[in-house]
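Have a look at the structure below, then the notes.
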């Protein structure tokens, strides 16, 4: 598998999976990844906002603008 | 494929901006940089997330440290703007209204 394929297969695999999205500001968003695009704009479902590890907010759906994204990581199970 | 605006409930979100498109003419919540939040009716948007919001309410949160107790005091200031153009680069998160019955 080429490196590029490895990236796109990761992106395909995580659709519909619970993920943690960390922003440059340090805020975490946990939710189910609905989709993402080439700017790394992200649509999350059942989103929970964590600031300093504390739950601060919940959103049914959330759109996150890609420029704020530090990383997307998969989550084994919702906490 | 579902047409724009038709069959919204069965329309799947194929790209993140679809989520914004489905919120047109609805009141949305926008989290901005510098601890600012906006709520307003989404009239228009583009790919940069530039947006036009009607009947917008801006909430600004500031933290002040009490000089004697060193406690963090959160203060929110609100103001209402009948029509607001938002530059997209300040946007962090957009959330559609909570849909009733979901």
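Computed from the coordinates by the stated procedures, all read-outs in this text should not be read as laboratory data. Being a predicted model, the structure only gives us computed values, none of them experimental. FYI the Cβ positions are ideal-geometry reconstructions off the backbone, even for glycines, and counts take in every protein chain you see.
Taking neighbour Cβ counts within 10 Å as the exposure measure, how do B:85, A:63 sort from fewest upward?
Going from sparsest to densest Cβ surroundings: B:85, A:63.
Over all directions, how big on average is the projection of the convex hull of the alpha-carbon atoms in the protein assembly as shown, in square nanometres?
13.0 nm²
Computed FRET efficiency, Cβ-Cβ of residue B:65 and residue A:25, R0 30 Å: what is it to the nearest 0.05?
Calculated value: 0.90.
Could you state the angle between the C-alpha long axis of helix A:3-13 and the longest principal axis of the C-alpha atoms of chain A, as a value from 0 to 90 degrees rounded to the nearest 10?
Compared with the principal axis, the helix lies near 50 degrees.
Taking the Cα atoms of chain A alone, what are Rg (to one decimal) and Dmax (as a whole number) in Å?
12.3, 40
Using only Cα atoms, figure out Rg for region B:14-86 and give it as a multiple of 2.2 N^0.38 Å.
Its radius of gyration relative to the 2.2 N^0.38 Å reference: 1.38.
Rounded to the nearest Å, what's the spacing between the alpha carbon centres of region A:59-73 and region B:26-73? Just the number, please.
17 Å
What is the extension gain from residue B:48 to residue B:87, computed as 0.36 nm multiplied by their sequence separation minus the C-alpha to C-alpha distance, in nm to one decimal?
So the chain would gain 13.2 nm between residue B:48 and residue B:87.
Partner chain Cβ atoms within 10 Å, averaged over the residues of A:38-49 - can you pull that number for me?
Other-chain Cβ atoms within 10 Å of each residue's Cβ, averaged: 3.
How large is the helix-only mean residue ellipticity at 222 nm for the protein assembly as shown, computed as the sum of -39500 (n - 2.57) over DSSP H runs with n ≥ 4, divided by its residue count, in deg cm²/dmol to the nearest 500?
Here the helix-only value at 222 nm equals -2500 deg cm²/dmol.
Computed FRET efficiency, Cβ-Cβ of residue A:9 and residue A:52, R0 45 Å: what is it to the nearest 0.05?
The formula returns an efficiency of 0.85 here.
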